[in-house]
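A quick write-up on the structure given underneath.
The values are calculated or read from the model by the stated rules, or taken from the named source; none is laboratory data. What you see is a predicted model; the values in this text were computed from it and never measured. Note: ideal-geometry Cβ built from the backbone for every residue, glycine included; neighbour counts use all protein chains shown.
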Amino acid sequence: MDDFLEIAGLRIPNDPAVITPQIAQSIENGRYERAEMAGIRKFVKPEDRIIELGAGIGVVSSFLAREMGVKNILCVEANPSLCAFISRVHRANGISGVEVRNAVALDDLARGDTATFYVREPFWASSLDGEAEYEQAVEVPALRLSELIGEFRADTLIVDIEGGERDLFTLTDLTGVNKVFLEIHTRKIKRIGVKMCFDALSLAGFAYDQQVSRGGLVLFRRIPRWQMEALEGETG
């Protein structure tokens with residue numbers, strides 16, 4: 001009989017191959033992804049079409065499906081050992097129809113069909129940055145985010161990619177996307193990286209939403225076209 005941990009009404013298989021003592025404690029204390037789920041409650045609608053970049057162990061996607069009633073979710077996770085576990089979490093919570101892809105999403109000018117991903121413990125410290133000590137380097141498929149957006153017809157992005165947010169939006173076509181909810185990893189990208197990320201989203205027509213944003217979790221909403229046109233008329 002499987003052993004499960006619980007958080008926010010969700011069942012998480014207590015598999016020590018994935019759920020280390022540190023992660024288990026975070027789940028048992030109710031801290032794991034707590035702020036993310038609190039933010040999601042404020043802006044996600046059941047009809048949203050969501051791409052989650054950095055799906056982790058599947059808690060956020062399960063929360064979206066079970067608690068928020070979202071039907072269209074695409075999980076993108078670079079760590080191959082987590083992808084099968086995400087599907088286990090979905091099954092444990094009676095969730096079906098969520099696609100899970102083992103890949104990394106990159107900007108439009110990124111080259112190559114694969115990227116090197118550096119696996120660390122705890123898993124949330126894994127990233128595309130190989131400068132810090134790591135346990136394993138794996139080659140994973142590299143996908144263009146704009147192509148994913150078009151293919152899935154996504155209107156919402158949820159992004160937690162351990163510093164990858166710095167460059168992701170600078171050269172990416174975000175057509176169709178209205179909301180971007182991301183975790184900013186200032187420790188990794190420094191203040192200049194935060195500026196790069198905010199500037200890129202601003203140039204793409206998004207604005208910071210202070211009602212949802214809190215600390216390193218930031219929501220950007222697309223500015224309505226008529227407001228952008230009015231602004232261009234005032235400044236033109």
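Look at Ala115 and say whether it is assigned to a strand (DSSP E or B), among the hydrophobic types (A, V, I, L, M, F, W, C), touching a helix residue (DSSP H, G or I) at 6+ places or on another chain (Cβ under 6 Å) and buried (at least 18 other Cβ atoms within 10 Å of the Cβ).
Values: assigned to a strand (DSSP E or B): yes; among the hydrophobic types (A, V, I, L, M, F, W, C): yes; touching a helix residue (DSSP H, G or I) at 6+ places or on another chain (Cβ under 6 Å): no; buried (at least 18 other Cβ atoms within 10 Å of the Cβ): yes.
No; evaluated as a whole, the condition is false for this residue.
Does Val70 qualify as being free of Cβ contacts under 8 Å to residues at least 40 places away in the same chain and either surrounded by fewer than 23 Cβ atoms within 10 Å (Cβ to Cβ) or touching a His at 6+ places or on another chain (Cβ under 8 Å) (or both)? So Val70 passes the test.
Name the residues in the stretch 18-66 that are of a type in the set (A, V, I, L, M, F, W, C) and assigned to a loop (DSSP other than H, G, I, E, B), would you? Full working, then the answer.
So the first thing to find is which residues in the stretch 18-66 are of a type in the set (A, V, I, L, M, F, W, C), and the list is 18-19, 23-24, 27, 35, 37-38, 40, 43-44, 50-51, 53, 55, 57, 59-60, 63-65.
Correct list: Val18, Ile19, Val44, Ala55, Ile57.
Matching residues to (1) at negative phi; (2) touching a residue at least 40 places away in the same chain (Cβ under 8 Å); (3) out of contact with any Gly (no Cβ under 7 Å at 6 or more places or on another chain):
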site: Ala125; (1), (2), (3): yes, no, yes
site: Tyr134; (1), (2), (3): yes, no, yes
site: Ile149; (1), (2), (3): yes, yes, no
site: Ile184; (1), (2), (3): yes, no, no
site: Arg191; (1), (2), (3): yes, no, yes
site: Asp199; (1), (2), (3): yes, no, yes
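With respect to the conditions (1) surrounded by 18 or more Cβ atoms within 10 Å (Cβ to Cβ); (2) under 30 Å from Lys45 (Cα atoms); (3) at pLDDT 95 or above, Glu151 falls short on a single one, namely (1). Residues that are more than 14 Å from Val218 (Cβ to Cβ) and among the β-branched types (Val, Ile, Thr) were ranked within the stretch 157-187; the one that is modelled with the lowest pLDDT is Thr170. Among the conditions (1) under 28 Å from Ser26 (Cβ atoms); (2) crowded, with 17+ Cβ neighbours inside 10 Å; (3) at pLDDT below 95, the only one that Ala110 does not satisfy is (1). Can you tell me which of (1) surrounded by 14 or more Cβ atoms within 10 Å (Cβ to Cβ); (2) out of contact with any helix residue (DSSP H, G or I) (no Cβ under 7 Å at 6 or more places or on another chain); (3) polar (S, T, N, Q); (4) not in a helix (DSSP H, G or I) is the one Gln210 doesn't meet? So Gln210 meets the others, but not (1).
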